[in-house]
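Data block below; observations after.
Values in this text are rule-based calculations from the coordinates and carry no lab data. Because the structure is predicted, anything quoted here is derived from the model rather than measured. Positions of Cβ are generated from backbone atoms using ideal geometry, with glycine treated the same way; all protein chains shown enter the neighbour counts.
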Amino acid sequence: MDAERTLREEIALVCRRLWERGLIAGPDGNVSARLDDGRILITPAGVSKVDVRPEHILIVDSAGDVLRGDLRPSSEMKVHLRAYAVRPDVRAVVHAHPPTATGFAVAGEDFVVPVLPEIILQAGPVPLAPYFTPGTDALADAMVPYLAKHDVVLMANHGATSLGPSLAIAHQRMESLEHTARILLAARTLGRVRPLTTEQVRELEDAREAARRADAARPTGRDAAGSGRERA
């Protein structure tokens with residue numbers, strides 16, 4: 001129960017941080033985290049994220065059946081469940097509508113071209129998944145090939161989803177995505193975007209893989225599922 005209580009508190013904190021940083025508005029977005037026994041804590045539908053409290057958060061099983069909680073689970077629960085199914089390493093999922101990054105998604109653009117070291121270290125290439133109606137099986141199914149290979153995915157005309165070995169890292173990746181989008185938009189207004197060289201990208205990818213192996217070796221519990229460490 002201590003691990004569950006801690007995760008409930010941390011999910012509520014991430015919801016507030018997403019709202020404070022303008023990455024969501026009102027009831028937008030959703031956050032989940034997986035317990036050691038495979039049960040999943042997930043935010044409810046229809047509750048403004050700034051108002052989410054630990055007691056609001058539901059527990060569901062891998063099929064999406066509610067095990068505990070009086071509210072409805074998030075309408076995007078299916079995407080979260082697909083992420084956990086295809087990525088055993090993932091312990092947390094964050095879905096948000098970061099304004100600038102979502103603007104790129106509305107324009108049909110991804111973040112695959114390597115430009116900033118931070119997004120490469122935090123997330124790697126960020127592809128653009130096709131649009132399907134939010135909350136549907138069609139959207140969840142379309143996300144599977146992207147979630148299986150990437151830690152952050154833009155969703156056409158919708159928003160973005162980030163994954164992580166901890167809630168803190170999944171949240172950091174969402175913030176890093178929006179920060180990257182703002183920088184790229186600023187660079188475009190100046191008229192030129194210079195991508196990194198192949199050798200520069202390789203060095204960053206090696207560093208990212210080393211960090212991934214270190215994360216995989218960390219124990220589960222509060223350090224793995226909650227606070228996390230700040231990374232470049």
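Scan the stretch 50-67 for residues that are within 11 Å of Arg8 (Cβ to Cβ), not in a helix (DSSP H, G or I) and not aliphatic (A, V, I, L, M) and the total you get is 1.
Run down Val47, Val90, Val113, Val94 and say which single residue is part of a loop (DSSP other than H, G, I, E, B), under 15 Å from the mean Cα position of the chain (by Cα) and of a type in the set (A, V, I, L, M, F, W, C). Criteria check complete, one pass: Val90.
Candidates in the stretch 10-44 are the residues that are charged (D, E, K, R) and under 19 Å from Gly164 (Cα atoms); of these, the one that is farthest from the chain's Cα centre (by Cα) is Asp37.
Filter the stretch 177-210 for residues that are part of a helix (DSSP H, G or I) and touching a Leu at 6+ places or on another chain (Cβ under 7 Å); which is surrounded by the most Cβ atoms within 10 Å (Cβ to Cβ)? So that I can check it myself, show each step before the final result.
Of the stretch 177-210, the ones part of a helix (DSSP H, G or I) are 177-189, 198-210.
This time we only want the ones that are touching a Leu at 6+ places or on another chain (Cβ under 7 Å), so: 178, 180, 183, 204, 207-208.
On the way: Glu178: 20, Thr180: 24, Ile183: 16, Leu204: 20, Ala207: 15, Arg208: 19.
Restricting to residues being part of a helix (DSSP H, G or I) and touching a Leu at 6+ places or on another chain (Cβ under 7 Å), the top hit is Thr180.
Residues are listed down the side, and each one gets a yes or a no for (1) farther than 19 Å from Leu154 by Cα; (2) in contact with a Leu (Cβ under 7 Å, 6 or more places away or on another chain):
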| site | (1), (2) |
| --- | --- |
| Thr43 | yes, no |
| Val66 | yes, yes |
| Val93 | no, yes |
| Thr100 | no, yes |
| Ala107 | no, no |
| Leu121 | no, yes |
| Leu128 | no, yes |
| Gly135 | no, no |
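For Glu199, the criteria (1) more than 12 Å from Glu118 (Cα to Cα); (2) touching a residue at least 60 places away in the same chain (Cβ under 8 Å) hold in every case but one, which is (2).
Out of Ser62, Ser75, report the one residue that is closer than 22 Å to Gly164 by Cβ, in contact (Cβ under 8 Å) with a residue 24 or more places away in the chain and exposed (fewer than 14 other Cβ atoms within 10 Å of the Cβ). Spell out how you get there, then give the answer.
Details: Ser75 fails: exposed (fewer than 14 other Cβ atoms within 10 Å of the Cβ).
Unique residue meeting the criteria: Ser62.
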